[in-house]
Amino acid sequence: HPLAMAAAHHTMPLDEATASPVAMCDGRALGPAAWYALLTTVVAGPLFVAAPHPGVATVALLAGTGAAVHQLSLGLPGEFWAHALIGIMLAGCASPALSGDGGPVAVSKWQGGLGAAAFALLLFGEFCHHGPSSCSPVKSVHMLAHVAIEAAAGSFALLAMLAAIATERRWTRAAARLSTMRRLHDPIALAVLGHILTQHQHDPQPIAVLFHITQGRSMLALGLCSVVCSVAHDAGVPVAAGTTLRLLTATLWLLNGLWLVHMAAFMYLLPGRCGLHQLLWPSANADEAATVYLATDAWLSAVAVCVAYWLGEPTRAKVADEQSGWATVEDKQLAVGARTAAAEERQALVEMGRQAEGLAVA
């Protein structure tokens, strides 16, 4: 199986203390911090993703961040929120991708600023683990991978914040230039993240390797879909086709976010890199589990985006989409009818020609 080969390629030798991660999780149970983290994710996550107003989403993110800091003080593994918070932010891009104009996702300046600040802090932590006095240069390729991931993600959030500020203050020229820059930068940043994650040696457990490989490939797909969606809208494709592309792009945003939250809960909910996966299915085949998880998350993401589109306000854009769809069907029917009539006319002319030849011979 290709995923199994990739997992074998990425799995590093384990020392005796970590030779059997599943065995380390035997007999473990979810403690107060773990239940607290799951509850925060279930409440703050959807509120941030589906918030009707950017201010609500910002409050949800701040509340979730505060709860995360509290949970870390209770002993929750830092890897949980390192994955979950970023996953929630990714999923939050699904709504503007669906309701936008097909170009780069538009977020509020506060959301973009919080994202940029978060990745800046992570980037600082890579060089200075214990404060400014402990700063050191990049010492390994593994550390360089973290630096590249955080720099690419941080620049994505920073440009989104600057674009939001320029739009809010009606700096037309700056907003137009930032939009054009983001049409190139954002897909490239997503591709950078995806490319690194397909090879990043983060957690040697086979299921964890497959989680990260799948995340990388999903990010690559999102980057490709984003640039196609943007170019298609700029080129003036039929509205119905543009809507389909936005639905697909929103689904990929939600899938990438949901996959990270899924990874956090199933792999890093307990100390020792244990999670719901080890507690529920300790002997599960890694290939089969990753395949089922991806299929489930993809289907749930598509259903959620379809429901969001159906329940969305009947804006002019949505009405135009529907009318365009009807017009497209009618146009196709008319085109088919016209082609049929033309074919019948050509056939009649051929028959008349044959009859004329027959009379001439006679």
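The values are calculated or read from the model by the stated rules, or taken from the named source; none is laboratory data. Bear in mind that the values here come from a model prediction, so they are computed numbers and not experimental data. Positions of Cβ are backbone-derived with ideal geometry, glycine not excepted, and every protein chain shown enters the neighbour counts. We work out accessible area using only protein heavy atoms, side chains counted, and drop any ligands, DNA or RNA first. Shrake-Rupley method; radii C 1.70, N 1.55, O 1.52, S 1.80 Å.
General remarks:
- Listed residues Y293, Y268, Y36 arranged by accessible area, highest first, probe 1.4 Å: Y36, Y293, Y268
- Remark: relative contact order (segment 66-141) = 12 percent; criterion is Cα-Cα distance under 8 angstrom and separation of 6 or more residues.
- The accessible-area ordering, largest first, of the residues H195, H233 stands as H195, H233, per a 1.4 angstrom probe.
- Rounded accessible area per residue of segment 187-245, 1.4 Å, Å²: 37 Å²
- A cut-off under 13 angstrom between Cβ atoms defines the neighbours of H83, and their net charge, with Lys, Arg +1 and Asp, Glu -1, is -1.
- Proximal charge balance of S155 [Cβ under 11 Å; K/R count +1, D/E count -1]: -1
- Shape class for segment 196-238: prolate, because the ratio a/c of the largest to smallest gyration tensor axis (alpha-carbon atoms, square roots of eigenvalues) is 1.5 or more and a/b beats b/c.
- Ligands, DNA and RNA left out, the accessible area of segment 207-317 computed with a 1.4 Å probe is 73% carbon and sulfur.
- Proximal charge balance of E126 [Cβ under 13 Å; K/R count +1, D/E count -1]: 0
- Global form of segment 60-154, assessed from the alpha-carbon gyration tensor, a/c cut-off 1.5: oblate
- Three-way shape call for segment 139-290 based on the alpha-carbon gyration tensor, with the a/c threshold at 1.5: prolate
- Gained length - K139 relative to T291, 0.36 nm times residue gap less alpha-carbon distance: 51.2 nm
- Our estimate of slack between L300 and L224, defined as 0.36 nm per intervening residue step minus the Cα-Cα distance, is 25.2 nm.
- Normalised contact order of segment 101-183, rounded percent, pairs of Cα under 8 Å and 6 or more residues apart: 43 percent
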